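The values are calculated or read from the model by the stated rules, or taken from the named source; none is laboratory data. Remember, predicted model here, so these are calculated numbers, not experimental data. Reconstructed Cβ throughout: ideal geometry from the backbone, glycine too, with neighbour counts over all protein chains shown.
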Amino acid sequence: METERRSQPRPPNRLSTVPLVLCVALYCFLRVTDYVPVGPFDLHLDRVEFATAVTAVVAVGVVYLLLAFRRPPRPVATGLLLTLAGLTYGPYALVHAGWSPPVAVIVAAVLLTFTGRPSWLLAALVVASDLAVRIALEPGLVDAGGAIVPGRVSYAAIVAVANGLLLFGVARLSQLLRDADRASAGRAALAVTRERLRGARHLEEAVGSRLAAVIAGARADDGDPAVAARAAAATAREALAQVREVADGYRDRSLASEVDAARVVLTAAGVPVVAGPVPADLPEPVDTLLGAVLRRTVVGALSGAPPSSCRIELDGSARLRVACTGGEPGRPALDDLTGPVERLGGRLRVDGPGDVEVELPVTPHGPFRTPVPRPVAGEPWLAWAIMAVLELDLLVTTIVRAGGAWEPIYHAQLSGLRLAAVLALVVPLSLLQLHHVRPRGGDAPPWWRWTLGLQIALVAAITAVGGAAVPAPQYAGPVAGVVLFHLRRPVSWLIAAVLIVGTEVAEIRNSGFDFPADLPYLVPWTLLAMVSVAALCRLPVAAEQVVASQRELARLAALRERLRIARDTHDLLGFQLSAIALKADLVGRAAGAEARDELAEVGRLAEEALNSVRSVTAPPAGLSFADEVRSARSMLTAAGARVDVALDAAPGPSIEGPLAIVLREAVTNVVRHSRATTCTIETRPVPGGIRLRVTNDGVTHNGVPRGSPPAAPGHGLANLRARARETSGELTVARSGERFTLDALLRESGRSALSATS
């Protein structure tokens, strides 16, 4: 038998619904059995009284479920509370002393409707008022002389509190699970928004001012256009370098991966490195920023004479220090990271080329901090407190019954020695119960197999020693709940069934009831305790799992958004900045009015690039393939290449954007990596999609491969392959002599994936 610790929780909708409905149904059934004529419990109700009692109990359950699930505004909830009060005490008018008010539901409803200390004070007032009404109307709570029976009154109070807390606890924890699911569902959106804002700041800092300078130079009426063009070309190339750096920084650069990379790079350079353990569960912006500082510090250190040793210090307070000794390490390029560090409320200190320290608060500042539902941390202790009250309820019940307060129903008054023996068994049983349900973050209690086995043995001993005086089934119910929580099915269900049925049969025989006819009327409270305890144990763990899984989803959503920003930055801005630099070079060779016109075109391209800076960090929008074809023709013509376009197929809406990006990057590669004289762009339909082929004749130049990836790894073709795979397509490149061909197959969404044919 092993603990049931699953990596993924059950569906929140089921876990948050079934236990609560089942507990309320069992409680209502328990209350209904009070009016069923069973042995000494026969209240001798007529049909009208019985129907009134049953209807009122069912209505109470329905109203409570409505209050628990709908969570109406306070005024509506107060109206439902008044309705519950009317249903709880109104039947006294017809049923009279035979009515047993389900006050536990009102206690639970008050705790759900109000918050803080007032809710507990109101709940205590409800219990006190109920006792006052019952003392006045029910003869069982007073003796023949009109004196209050302390044992019966205290028992009534404890039962009302314990059952009310059980119903409230299951409802509250069910709400917790739903709240955690709803709150955590927004984490991904917040993480994506945060990444977009961060990307917008980085791109504005890296590219925006440079593009603004290009636009201003292009619009200036005075001055030499050639001089302005050369300045624009230089500025565009600076911006292009910054774009590549920003795009590279937005790829998967977690602190853990950067520490591993630093170990590999430094070791390969012959530098001994010592690195501390990477802190777990750092907020995403903090983790990414620390990774960026580490990467640049290591790269900078290796740009000079390698150090003789390097130490990477990390701790859970989001502090990173890189200390290199010996050699002549280069100075890291960290100036542009000072702003992001300060925006997160941290500080960056550079004491020398190989000595960098950065410290960030674990919780980032700003309005887009990801929230964690507060109850997840505190509510498990509420479950434990409810269990403590339930165990107190059982102890009081045992003492009251053993003291003879329930004569002649149970005939169960115990002698002092036997009562001491029963208490010697009951007290450790209750302590073990509290031990098993104490919150441990989902971990099983130590030696739980032995302690749970001891609990079962104690229940059996109490059943044998206590006889009718001890409510053994009521002790068996919570233990069965712990069994359901800790053990796997079907073993847990088998053990729980043996506990419940065995103790119920023993109580029926000890108390002189009819077996098996009376069994269905005595089991509900035991089942209620079992289901409630299992839910109180499981729901906090499930809520923690929901938050953890949603936190991981938020991390993945942020990672996807970073990769999208990196890819779009590389593909969109890279194309436009390359076009600006190329156009500006042409202006430098032109003269007169032609130069002025070409410079205006440079300004127009810079304006488009500036718009792209904003669009990259905005929600993804569609691109026009036709517009990209026109841009590609213009750019290739400016580069001195003859362009042949043969469009025999138009892309559908689901792949028009990806196809436009593929064409843009392909043309950028032609201009950037080759000296093509001709370039052909053609599309043709294929089953389920479209094929794009871009061919140029400038593969080689002075023996250096053109049109293929450079020696240093780049991201252009990798980006294109990723975009093709997103549409269930593929991308291939081929070189034959001086011809280079890029072939992309993209498939429409919802279509079957078919093999591409040339």
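Just give me the residues in region 644-662 being under 34 Å from the mean Cα position of the chain (by Cα) and without any contact (Cβ under 8 Å) to a residue 60 or more places away in the chain, in sequence order.
653, 656, 657
Just one of (1) outside any helix (DSSP H, G or I); (2) surrounded by 21 or more Cβ atoms within 10 Å (Cβ to Cβ) trips up residue 84, so point out which.
(1)
Hey, can you tell me all the residues within region 641-666 that are loosely packed, with under 14 Cβ neighbours inside 10 Å, over 20 Å from residue 746 (Cβ atoms) and touching a helix residue (DSSP H, G or I) at 6+ places or on another chain (Cβ under 9 Å)?
Across region 641-666, the qualifying residue is only 642.
Collect the residues in region 724-738 that are under 16 Å from residue 693 (Cβ atoms) and crowded, with 17+ Cβ neighbours inside 10 Å, keeping them in residue-number order.
724, 729, 731, 733 - these are the residues of region 724-738 that are under 16 Å from residue 693 (Cβ atoms) and crowded, with 17+ Cβ neighbours inside 10 Å.
Which of the numbered conditions does residue 356 fail, given that it passes all the others? Conditions: (1) exposed (fewer than 15 other Cβ atoms within 10 Å of the Cβ); (2) on the phi < 0 side of the Ramachandran plot.
Every condition holds for residue 356 apart from (1).
State the number of residues belonging to region 271-314 that are within 25 Å of residue 326 (Cβ to Cβ) and either polar (S, T, N, Q) or touching a residue at least 60 places away in the same chain (Cβ under 8 Å) (or both).
Total satisfying the criteria: 6.
Is it fair to say residue 459 is at pLDDT 85 or above and farther than 17 Å from residue 535 by Cα?
So residue 459 fits the description; yes.
Can you run down the residue pairs with Cβ atoms below 7 Å, 6 or more apart or on separate chains, where the first is in region 47-64 and small (Gly, Ala, Ser) and the partner is buried (at least 19 other Cβ atoms within 10 Å of the Cβ) and modelled with pLDDT of 90 or more?
Correct list of pairs: 56/87; 59/87.
Taking the condition modelled with pLDDT under 85, over 40 Å from the mean Cα position of the chain (by Cα), more than 14 Å from residue 628 (Cα to Cα) and of a type outside the set (Gly, Ala, Ser), does residue 686 pass?
No.
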